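These notes concern the structure reproduced below.
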Amino acid sequence: MLERFADLTTPLIADACVRLGLPPRAAPPGIRPVTPGSRLAGRVLPARHYGSVDVFLEAFGQAAPGDVLVVDNGGRTDEACVGDLAVLEAAASGVAGLVVWGLHRDTAELAEIGVPVFSYGSYPPGPVRVDEREREALVSARVGVHEVTRDDLVFGDDDGVLFVAADTAGEVLATAAGIREVERAQAVRIRAGDTLRRQTAFDDYLARRAADPAYTFRRHLRRIGGAIEE
């Protein structure tokens, strides 16, 4: 999955979802890679955190190579729930990366380990609580407003994290690749002096919008085969 994602970005995948009529499911703004430039792609391995690392160890026992541990810590900012030992164990289990709806710690060690970790940021104190565990602890995880399961894939890069249903991923990735090719060609032309306004027949768009206020730029781009917005 990471190989298929290699020439794509999360913005391209988000645009592909829009084009296919699939609402983009993005992690909340602010969830970023601990090490800039990190990328991840794989099947979701969900785990809800209750204050103890045991739920991660249990999840790793169910992991398949390339899975991505998605940690639901409720977006808490009063504790770090993932550190170096959990990430080392993830690597030993074949897990390709971690997405944390919350905070991490041991930043220097995580950078050295090299497994991609995405979170809101770092915070020194770990948990001092142990809450009652739910039956769905390893069945689903929430990240912001989105609930994800083993039926979902996750993609992450410097722009953030997106979740895509596994049964739509092939079409989404193919569509994203098509959008990428259009946008690359447009970028080459801009650098050569062919402005984006000329490429998108912007004057024609303005004239059509004047005659029909309901004529949107997105509709115009679709009519002429542009990309930009999706």
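Only the coordinates and a few stated rules stand behind these numbers; no lab work does. Here the structure is a predicted model, which is why all the values come from computation and not from measurement. Counting neighbours? That spans all protein chains shown, and the Cβs are built from the backbone with ideal geometry, glycine included.
Here the Karplus relation 6.51 cos²θ - 1.76 cosθ + 1.60, evaluated at θ = phi - 60°, turns the backbone of region 17-34 into coupling constants of 4, 4, 4, 8, x, 9, x, x, 10, 9, 5, x, x, x, 7, 9, x, 4 Hz, with x for every Gly and Pro. With 0.36 nm allotted per residue and the present C-alpha distance subtracted, the Ile224-Val139 stretch has 26.2 nm of extension available.
For the chain, the Cβ-based charge dipole about the Cα centre amounts to some 1140 debye (Lys, Arg positive; Asp, Glu negative; other atoms uncharged).
Each Lys or Arg adds one and each Asp or Glu takes one away; over the other residues whose Cβ falls under 15 Å from the Cβ of Ala210, this sums to 0. Max-minus-min Cα coordinates of the chain on each principal axis give 63, 34, 31 Å, with the largest extent listed first.
Amide H contacts of Arg25: Phe163, each under 5 Å away and 5 or more positions distant or on a separate chain (H built 1.01 Å from N in the peptide plane; Pro and chain starts excluded).
The distance separating the Cα centre of region 205-223 from that of region 35-109 comes to 46 Å.
Highest-first packing order for the peptide set 112-122, 57-67, 93-103 is 93-103, 112-122, 57-67, based on the mean count of other beta carbon atoms within 10 Å. Distances between placed amide hydrogens fall under 5 Å for Val82 paired with Arg105, all partners being 5 or more residues away or on another chain. Cβ crowding within 10 Å ranks Asp7, Asp15 as Asp7, Asp15, fewest other Cβ atoms first.
Highest mean packing comes first when the peptides 185-197, 27-39 are listed by Cβ atoms within 10 Å, giving 27-39, 185-197.
Database remark: amide H of Gly42 closer than 5 angstrom to the amide H of Val154 (H placed geometrically; neighbours at sequence offset of 5 or more, or on other chains; Pro and chain starts carry no H).
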